[in-house]
Amino acid sequence: MAHPLKDDELHGKQGKYDAPGGGWQSIRATETHFLREKVPFKGNALMLKINQPKGGFECPSCAWPNPGKPGPAEFCENGAKAVAWEATAARTTPEFFASHTLTELLDWSDHALEKQGRLTHPMRYNATTDKYDPIDWDTAYREIGERVASFDPTRVELYTSGRTSNEAAFLWQLYGRMLGTHNFPDCSNMCHETTTVALPQSIGVGKATTTLEDFEHADCIFLFGQNAGTNSPRMMGLLHEARLRGAEVVTFNPLRERALVKFANPQTPKDMLTNQGVPISSQYHQVRIGGDIAAIQGICKRILEVDDEARDNGGERVIDHDFIAMHTDGFDAFAAHCRNLPWERIERHSGLERAAIEQAAGAWMKAERVICCWGMGITQHMRGGDNIHQILNLLLMGGHIGRRGAGACPVRGHSNVQGDRTVGIFHKSGEAFLSKMDESFGIDCRREHGHDVALCCEAILRDEVDAFLGMGGNFFRAIADQARVCAHVEKIPLTVQIATKLNRSHLIHGKAAYLLPALARTEKDVQAGVEQTITIEDGMCNVQGSKGALEPASEHLRSEIAIVAGLGKATFAPNPKVDWEWLVEDYARIRDKIEATQPETFYDFNARLAATGVFHLDIAARDRIWNTNSGKAHFLFPEGHLTEDESAPDDMHFQLLSIRGHDQYNTTVYSYDDRYRDIYGTRMVLMMNPADIEKHGFEAGNKVTLTAVSDDGIERRVSGFKIIAYDLPRNCLGAYYPEVNDLIPVGNRDEQSNTIAGKSIPVTLALMSTAEVEAETGLLATS
Ligand SMILES: Nc1nc2c(c(=O)[nH]1)N[C@H]1C(S)=C(S)[C@@H](COP(=O)(O)OP(=O)(O)OC[C@H]3O[C@@H](n4cnc5c(=O)[nH]c(N)nc54)[C@H](O)[C@@H]3O)O[C@H]1N2
Ligand SMILES: Nc1nc2c(c(=O)[nH]1)N[C@H]1C(S)=C(S)[C@@H](COP(=O)(O)OP(=O)(O)OC[C@H]3O[C@@H](n4cnc5c(=O)[nH]c(N)nc54)[C@H](O)[C@@H]3O)O[C@H]1N2
Ligand SMILES: [Mo]
């Protein structure tokens, strides 16, 4: 690529003097974050309890699984940040709320809000003073319960963020179903819902078919749209090991993510002595944003070419035809589609050269065991489901499902986002589960489908929501079309947020509003005199116990489970089959109920938990049992797509992707630095290809306004982003989430699953005038 800037002037550069991902900087960062939160780090017993199967707590950060035999310090830099952030010595007390109106707090940054520390008291909004006042729990339960019970249940929304335990999530959906709602917007609707919907269409199950052990046997690992170094750092150890034993790692990502280029494993003495690290990706393909369908079909085309040639010349076949014949359907149509695709189109749509795609196909053809991993770069697209189908086609062509060392590995986000869905947080639950719920609790669950995140936002926009209750998370900051949706929230009669720290969603409130502080996962949860264990399910389907180790941040905190029970008791007339207090006294009783509603999945739940502390849920596709309509795995592809020019890249607008920085957990901003991308002290940057900067008459350092391209006639723009030169494909831009969320139309989502398309945001750019920049600087100076 011809850059007007030299490589060493690029942000995120990866020249030979650059530090690898991980390494000493990672250890130093871990200590710094503990110090900042005034939590002692050296010899900290807390960190020795993390991710241990019995008696330890599960890291509240990502969903990457624990190894079979966890090391004594089984955590990563970003897990440590999450723990330090939760274990902070800082407190957001009633005195804090007494001295700030919510209007005033709205001007604070996300970082400043959460930095106040842990919430300590239940609070109720006072419209006269525009402040939160303390309230006692029983009054809060009673007032909320009475209001909620008075509404039309189809106008009540129950949001869930993925840190919630299985037990809390199960009671949460029970609460909703008793009410008569099926509106369960869930953070997965902005995340891996695409996977949950598309993967079963291909192979009959919506979860990973791999275990960690498979990674030890893989010859070739594809990484599509996933930044493991920041978002699932414990995966890096496995990739590091895979490379050292000669496996190929083939990455498709518009950005050169530092840890995927080179990584020094903090657990490996040699890496730490030299601070050199190991090259992680043996091939790095900077695919155009949204270009993965073309890239993967190109790989498949190449594989077919080689296989056809072998067939004609009596050579060794590279496609697993026996597997295809026995286990799949749709192959012939897919093969014909790929054979007919002109290379010119593949190159244009993927942004990759034919030779690069052939090289990736070469790695696949050499390998006996292939794993494909993917993250938000695949799911958060208008054609996210099609993306996933193509990844599965690539696996199915080689019979790479149900084989040791091979499989499909969606890398999930929140530590229990997968489990929340498994136990029943779902706006489209099926009859089998609902009838068991009815039977177990003597209720009558609503059968019609309810709202996911996108439908909930649209209901808010139509002023059709009477109550919004959030179990964790930061809904009003994480969603698309933020400004538009938030402008309607003041019309909602009741908003309730259950949280650990203050965030923007607590300031954007309904006419009546409550903020209820919950125990965090790192904290001891004592009920009826006994320390309780909760469970979570990681991204590879392991269900495990977690027991907090710290004293609670405040004596007034209640567990999420106790809070739902408190609300339940205050909302409903007594029901002999739902004894809320009895359930809270011993969380094993909730697990028994989970088992009763899903006996095939959770048989012997408590016994299996007690035996080993962790068990793997059965995944039929691992045994080549395909729970699809036809009983076979399916080759699926979007008919017509890529044969027309409708979505070809053009020069008129840019595609913007929104990503996480290294010092961030979703809407939680730990600091303004992103070490891996060489960006320090600010998040208001726009990553842009140097040749595009020049072509459009900008200069690095210019401040610009981004305007969304959409056909609904609504103007969406965000300003104040500083252009930085970055190594990413032409016509592609990168910026941080949630800073750009105002730009994303709520209608911009995956066609099949409704997942917000946070990685394909068509935008145009305009230079800010001097007056605009000055006005903005003035604003900053006064806030
Ligand atoms: N420390 C930390 N850990 C986290 C989180 C966090 O915020 N901080 N968040 C958690 C959550 S909820 C989630 S869902 C996960 C998210 O983890 P990731 O899935 O890694 O999420 P993103 O940061 O959004 O990064 C997506 C990656 O996809 C690439 N990408 C963007 N568009 C495309 C495309 O069109 N094609 C391809 N091939 N690649 C593309 C981006 O360059 C980026 O590297 O992490 C979880 N873990
Ligand atoms: N543009 C764009 N938008 C995106 C994304 C993107 O990549 N780009 N990513 C999407 C994705 S993948 C996701 S998952 C969503 C995230 O959406 P959410 O899950 O709603 O957001 P978080 O930022 O994870 O929520 C942080 C808050 O959770 C609360 N919290 C933390 N721990 C606990 C706990 O143990 N209990 C309770 N009750 N509360 C707790 C704290 O108060 C904290 O402020 O954002 C989505 N939005
Ligand atoms: Mo996520």
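The values are calculated or read from the model by the stated rules, or taken from the named source; none is laboratory data. Owing to the predicted nature of the structure, the values given are computational and were not obtained by experimental measurement. Positions of Cβ are backbone-derived with ideal geometry, glycine not excepted, and every protein chain shown enters the neighbour counts. Only protein heavy atoms, including side chains, enter the accessible area calculation; ligands, DNA and RNA are left aside. Shrake-Rupley method; radii C 1.70, N 1.55, O 1.52, S 1.80 Å.
For the range 395-428, which trypsin sites (Lys or Arg not before Pro) are in a loop by DSSP, counting at most 15 other Cβ atoms within 10 Å? Display every interim value, and only then the final one.
Numbers: sites: 403, 404, 412, 421, 428; in loops: 403, 404, 412, 428.
Those satisfying the criteria are 404, 428.
Strictly greater than 16 Å: what percent of every Cα pair in the range 583-641 meets that?
Numbers: 1061 of 1711 pairs.
Roughly 62 percent, once rounded to a whole number.
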## Note on the structure
With T = 20 °C, eta = 1.002 mPa s and Kirkwood Rh from C-alpha pairs, the Stokes-Einstein D of the range 654-782 in µm²/s is about 139 µm²/s
### Summary
Any trypsin sites (Lys or Arg not before Pro) in the range 479-523 that lie in a DSSP loop and have at most 15 other Cβ atoms within 10 Å would be 491, 511
### Efficiency of FRET from Cβ geometry, residue 31 and residue 601, R₀ 51 Å, rounded to 0.05
0.80
### the range 532-591: trypsin sites (Lys or Arg not before Pro) in DSSP loop, at most 14 other beta carbons within 10 Å
577
### Query
Distance in nm between label sites at residue 344 and residue 699, each 7 Å beyond Cα in the beta-carbon direction?
4.0 nm
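From the gyration tensor of the Cα coordinates in the range 247-321, what semi-axes in whole Å does the equivalent ellipsoid have, largest first, with each one equal to sqrt(5λ)? Before the final figure, lay out each step's value.
Values: eigenvalues 241, 66, 10 Å².
Largest first, the range 247-321 gives 35, 18, 7 Å.
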## Note on the structure
Note on the range 336-480: alpha-carbon gyration tensor, axes a ≥ b ≥ c; rule is a/c under 1.5 for rounded, else prolate if a/b larger than b/c, else oblate; result prolate
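Of all accessible surface on the chain at a 1.4 Å probe, what whole percent is carbon and sulfur?
Working: 14400 of 28280 Å².
So the carbon and sulfur contribution to the accessible surface is 51 percent.
Once you charge only the Cβ atoms, +1 for Lys and Arg and -1 for Asp and Glu, what is the size of the charge dipole of the range 24-87 about its Cα centre, to the nearest 20 debye? Intermediate values should be presented prior to the final figure.
On the way: 8 positive and 6 negative charges, 30 e Å.
In debye, rounded to 20, the range 24-87 gives about 140.
How much space per residue, in cubic angstrom, does the convex hull of the C-alpha atoms of the chain take up? Walk me through the intermediate numbers first.
Numbers: hull volume 120.2 nm³, N = 783.
Taking the convex hull of the Cα positions in the chain, it is 154 Å³ per residue.
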### Query
Between their Cα atoms, which of 491/722; 54/593; 38/547 are more than 28 Å away from each other?
491/722
## Note on the structure
With residue 426 itself left out, Lys, Arg at +1 and Asp, Glu at -1 over residues whose Cβ is under 15 Å from its Cβ give -1
### Query
Which number comes out as Rg/Rh for the range 24-87 once both Rg and the Kirkwood Rh are worked out on C-alpha atoms?
0.94
### Task
Determine the sum of side-chain charges near residue 534: Lys and Arg each +1, Asp and Glu each -1, restricted to other residues whose C-beta is under 15 angstrom from that of residue 534.
-3
### Summary
At R0 = 35 Å the Cβ-Cβ FRET efficiency linking residue 326 and residue 461, nearest 0.05, sits at 0.10
## Note on the structure
From DSSP H assignment alone, runs of 4+ in the chain each adding -39500 (n - 2.57), the sum over residues rounded to the nearest 500 puts [θ] at 222 nm at -10500 deg cm²/dmol
### Summary
Cα-Cα longer than 22 Å, checked against 115/759; 131/511; 81/501; 81/115; 207/428, kept in input order, equals 115/759
### Distance in nm between pseudo-label sites at residue 719 and residue 528 (7 Å out along the Cβ direction from Cα)
6.0 nm
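Grab the other residues whose beta carbon is less than 14 angstrom from that of residue 524, score K and R as +1, D and E as -1, and report the net.
Around residue 524, the charge tally is -2.
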### Message
At most 12 other C-beta atoms within 10 Å and a DSSP loop state: those are the exposed GluC sites (Glu not before Pro) I care about. Give me the longest piece of the chain that has none.
### Response
1-315
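Rg(Cα) of the range 455-559 divided by 2.2 N^0.38 Å?
1.29
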### Query
What percent does the relative contact order of the chain come to when contacts are Cα pairs within less than 8 Å and at least six residues apart?
21 percent
